[in-house]
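See below for the structure under consideration.
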Amino acid sequence: MNEGFEQFLATIIEQWLDEHDMQLPLVVRTVGNNGSVLVANFNEGAELVSLTKHCENDTFTLPMTITVVSQNNRTARFVIERDGNIGWFH
């Protein structure tokens, strides 16, 4: 898994935490258009720890759907579109 991708994902999640009432730790599920999957824990130290992953051709393709579940059972979903825009959903 590309460390740059994991850092990008962590940055987006930190932004989400600042804007919404979600409590660490979080479980994060990422699914790329090509079937690549990452399930990770975003722990109380604010680091992304991979739990399981499967990468097709060692990459994620857009659009990419990301679901986040917090300790207090709040959930969020967002999509990174092909053009790089991010659509947020509750």
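The values are calculated or read from the model by the stated rules, or taken from the named source; none is laboratory data. Quick caveat, the model's predicted, so the values are computed rather than measured. Please note that ligands, DNA and RNA were not included when accessible areas were found on the heavy atoms of the full protein model with its side chains. Shrake-Rupley method; radii C 1.70, N 1.55, O 1.52, S 1.80 Å.
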Quick one: length gained pulling E47 to Q7 fully straight, 0.36 nm per residue minus the C-alpha distance? 13.5 nm
Per residue, what accessible area does segment 18-90 have, given a 1.4 Å probe and all protein chains present, in Å²? 58
Two decimals is fine: what is log10 I(q)/I(0) at q = 0.15, 0.22 Å⁻¹ for the chain, from a Debye sum with one equal scatterer on every Cα and no solvent? -0.51, -1.12
Ratio of the Cα radius of gyration of segment 15-65 to 2.2 N^0.38 Å, where N counts its residues: 1.25
With all protein chains present, the chain has a carbon and sulfur share of its accessible area (1.4 Å probe) in percent of 45
